[in-house]
1. Charges only on Cβ, +1 for Lys and Arg, -1 for Asp and Glu: so what's the dipole of region A:187-247 about the Cα centre, in debye to the nearest 20?
2. To the nearest Å, what is the center-to-center distance of region B:177-215 and region A:163-212, using C-alpha atoms only?
3. In terms of solvent-accessible area of protein heavy atoms at a 1.4 angstrom probe, what is the ranking of B:Val461, A:Val232, A:Val53, highest value first?
4. When the helices in the protein assembly as shown are scored as -39500 (n - 2.57) per DSSP H run of 4 or longer and the sum is shared across all residues, what 222 nm value do you end up with, to the nearest 500 deg cm²/dmol?
5. Go through B:Phe341, B:Leu127, B:Val159 and say which Cα lies farthest out towards the positive end of the charge dipole of chain B; charges sit on Cβ, +1 for Lys and Arg, -1 for Asp and Glu.
6. Determine one quarter of the surface area of the Cα convex hull of region B:401-453, which equals its mean projected area, and express it in nm² to one decimal.
7. Given the options B:Gln48, B:Pro321, B:Ile180, identify the residue whose Cα lies farthest towards the positive end of the charge dipole of chain B (+1 on Cβ of Lys, Arg; -1 on Cβ of Asp, Glu).
8. Quick one: how many Å² of A:Thr86 are accessible to a 1.4 Å probe, rounded to 10?
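The values are calculated or read from the model by the stated rules, or taken from the named source; none is laboratory data. Since this is a predicted model, take the numbers as computed values, not measurements. Backbone-built Cβ (ideal geometry, glycine too); neighbour counts: all protein chains shown. Remember, those area values only see protein heavy atoms, side chains included, never the ligands or the DNA or RNA. Shrake-Rupley method; radii C 1.70, N 1.55, O 1.52, S 1.80 Å.
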Amino acid sequence: MNRRTFLKTLAGSALALGLDLGSGLGLSPLAPRRLNAQNFPDLVAVKGSDLTVMFDRGLEALGGLGQFIKKGQTVLVKPNMGWAVTPEGAANTNPALLAHIIKNALNLGAKKVYVFDNTCDNWKDAYRVSGLEKAATEAGATVAPANSDGYFQKIDLPGAKTLKSTQFHELFLEADVILNVPVLKHHGGAKMTAAMKNLMGAIYDRHPLHRLGLDETIPELTLHKKPNLHIVDAARVMLSGGPRGRGDSRYLASQMLIVSPDPVATDAACAKILEANGIIVPRYIELAAQMGIGVADLNQLSVQRLSA
Amino acid sequence: MPDNKNRRRRLAVFRRLLAYGLLGLLITGFLWPRPVMVEELARWQFGQILAHLVSGADHWLIVQLTLMIVLTWLLGRWFCGFICPLGALMDLTSRLRGLFFKQKFGPTPNAPRQIIVPLALLLLFWLGVTAPFGLLEPYSLLIAKSLWYPGPNLLLIAVIILAIFRGRYFCDHLCPTGFILKILAKSAPFHLHINNSCLGCGACARVCRASCVDGQTQTLDPGRCLLCLDCLAVCPNGSLTWGRIKANANARRRAFLGRLTFGVLAMGAYFTPDALRAKTLGPPSSIPILPPGALSLAHLNAHCSFCHSCVRLCPNQALVPSEHQHPALWNRPVIDAYQGFCQYDCVLCAGVCPTGALVPLSLETKRITRIGTALFERDECVIIRNGTSCGACAELCPTGAVSMVPTKAGRDEPVLQDNLCVGCGACQQACPVRPISAIRVTGLLVQQTADSPVKIKTLDVTMTEDFPF
């Protein structure tokens with residue numbers, strides 16, 4: 001071993017060690033984020049026919065929902081219920097999945113489970129027609145309105161380059177645990193909506209995001225407070241005419257559920273599903289990875305694929 | 001006879017409770033999410049029924065109107081005393097008169113000036129200038145949003161203050177509905193009258209807010225009496241009784257002539273074609289988006305009495321009184337697409353209209369009723385100007401009239417398909433460009449029918465591989 005190779009080896013080890021240390025502290029954007037000492041996967045994808053069974057399988061692989069919810073905590077389950085479209089239209093989160101998650105959270109001793117969405121269609125119609133209000137209420141959650149700025153508080157987004165501040169729903173700010181439960185769809189403007197895009201229903205005024213650019217601003221919504229877990233309903237995926245769905249929309253019978261604590265990895269996996277069906281990967285995933293919000297390259301993560 | 005007086009007093013109290021009750025129902029009704037009760041109350045407002053008659057009545061309306069006319073001809077102005085919610089409110093506030101004056105009320109003689117304003121309002125209304133009628137029609141006046149929206153309804157405040165000083169002066173001098181009822185009730189055969197046991201104490205005249213009792217001549221004018229029954233309650237010896245009245249030939253002749261005039265006017269109004277009415281108001285400089293079911297600007301102008309039931313009911317707060325934006329429309333409802341858009345699956349406003357200015361629409365018809373047309377200013381669009389992604393307009397468009405189409409530059413751009421656009425204004429509200437949206441909707445003078453959105457059976461695609469990652 002000559003001097004040069006020695007120095008190279010030394011530098012390499014130092015870099016590796018640094019990354020390892022960094023990952024332990026959660027600093028490095030490259031490092032896989034481990035939930036705890038046990039080696040749970042970073043992302044779980046479950047194939048199956050029943051979303052509730054798929055959810056149980058997926059969470060089992062992640063060590064159970066108890067990893068995320070402790071007794072007495074307030075939980076926000078944030079679905080996509082933005083549209084006055086019936087469940088068959090797959091424009092909103094599946095009601096059975098939402099109800100199942102709420103029941104699980106309450107069984108774990110959650111003090112209170114809240115559900116809301118700042119809708120696109122008239123909020124009362126969207127809450128009713130989507131079937132989510134009924135499902136959530138019957139499961140024991142409190143369904144809150146999000147139709148007026150009185151429910152929202154202005155928050156500065158630390159480190160944001162484009163969207164310096166926005167108004168978050170007070171339940172989003174107060175919740176101890178946030179479970180983000182979007183539906184995967186094509187989206188005319190953002191190209192895809194899944195985990196990060198779903199947070200646009202947790203803020204009040206969406207105009208600035210459209211004005212400043214969706215790709216640049218969508219990742220910045222995670223800068224104040226990250227949801228603890230992202231559970232994406234990808235059972236029936238709208239491939240065109242999104243986000244509402246039209247008479248000529250195409251749907252993909254993908255029968256999948258994707259669960260991960262990493263919003264960027266979740267969206268990256270979702271984008272792969274759409275990409276395989278001819279939809280361009282939205283730029284906001286790469287931008288989010290550059291900002292250090294999560295990992296976009298699934299090869300760097302431990303991904304578990306299951307069937308239920 | 002002390003028990004007799006108690007009975008008379010109970011009658012007056014009963015009348016008061018009924019009228020106040022209906023007023024209370026009306027006010028609390030609007031606090032409910034879907035004010036069904038209020039819709040029903042509106043359908044029993046005499047002035048609204050009259051307005052509806054002009055816009056073409058169905059059989060039920062004719063039956064209802066005939067019933068009310070016959071009952072008024074027989075029994076007098078029971079509507080004003082028992083039903084009218086504005087009357088009830090004036091009764092309540094006129095009780096404050098005691099704070100300002102020792103003397104309660106007194107008789108005023110019949111005079112021609114009493115008919116000038118209401119007659120003018122009715123004639124104008126039947127010619128198609130409905131704005132003045134709508135402003136003073138009691139139901140509209142009570143519940144409409146202000147002429148100075150979003151400020152307070154100053155006209156209503158003025159009428160309430162007037163009630164403190166002059167009692168039900170409004171009902172006799174200004175109210176167009178009251179004027180018609182007055183003609184009908186002029187020689188009502190069953191009414192209150194003063195018998196010869198009267199002591200001439202004048203208690204009844206002092207308590208009469210309508211100033212219809214003259215203690216001197218010991219007469220009561222059924223044309224002006226609002227059947228508030230308060231005089232019954234105060235009469236010391238029961239000289240006021242209710243029963244059959246034999247009016248003299250002269251009074252009967254005058255009453256007949258009055259009714260004949262009213263009948264001719266009503267028939268004329270019913271048969272006047274819309275085309276004639278439309279000429280009375282020219283089109284405004286910029287055409288606002290009219291609510292679905294308005295058919296045309298001319299139709300809305302000719303039939304709306306601005307009760308603003310539709311404005312209150314609109315779940316998206318898209319409907320506003322037009323005053324500040326479109327003066328030519330007076331106070332009629334228009335859609336302000338910056339405030340809200342017309343919900344695709346909603347027909348509430350068209351269903352609630354008590355005058356037929358908005359004709360009821362089925363959901364299927366509503367979905368293809370074009371109330372405006374969108375205009376896309378490509379150079380203003382953020383996608384073109386900044387090269388970022390947006391697509392808010394296409395996202396909200398319920399018919400697919402705006403869709404995102406890939407361009408050579410590698411980005412998606414909104415493209416408008418005019419034949420599908422219904423003019424709901426969703427794109428205008430969603431567009432992030434302010435103060436003027438890059439995509440915006442202009443109203444139509446005559447509402448049109450849009451093409452139905454594509455109804456291709458949705459396609460289900462199966463996955464090629466289990467996990468594409």
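1. 200 debye
2. Answer, in whole Å: 68.
3. Working: B:Val461 40, A:Val232 0, A:Val53 70 Å².
Output order, biggest surface exposure first: A:Val53, B:Val461, A:Val232.
4. The helix-only estimate for the protein assembly as shown comes to -11000 deg cm²/dmol at 222 nm.
5. B:Val159
6. Details: hull surface 18.6 nm².
That works out to 4.6 nm².
7. Highest projection toward the positive end goes to B:Ile180.
8. We get 70 Å² for A:Thr86.
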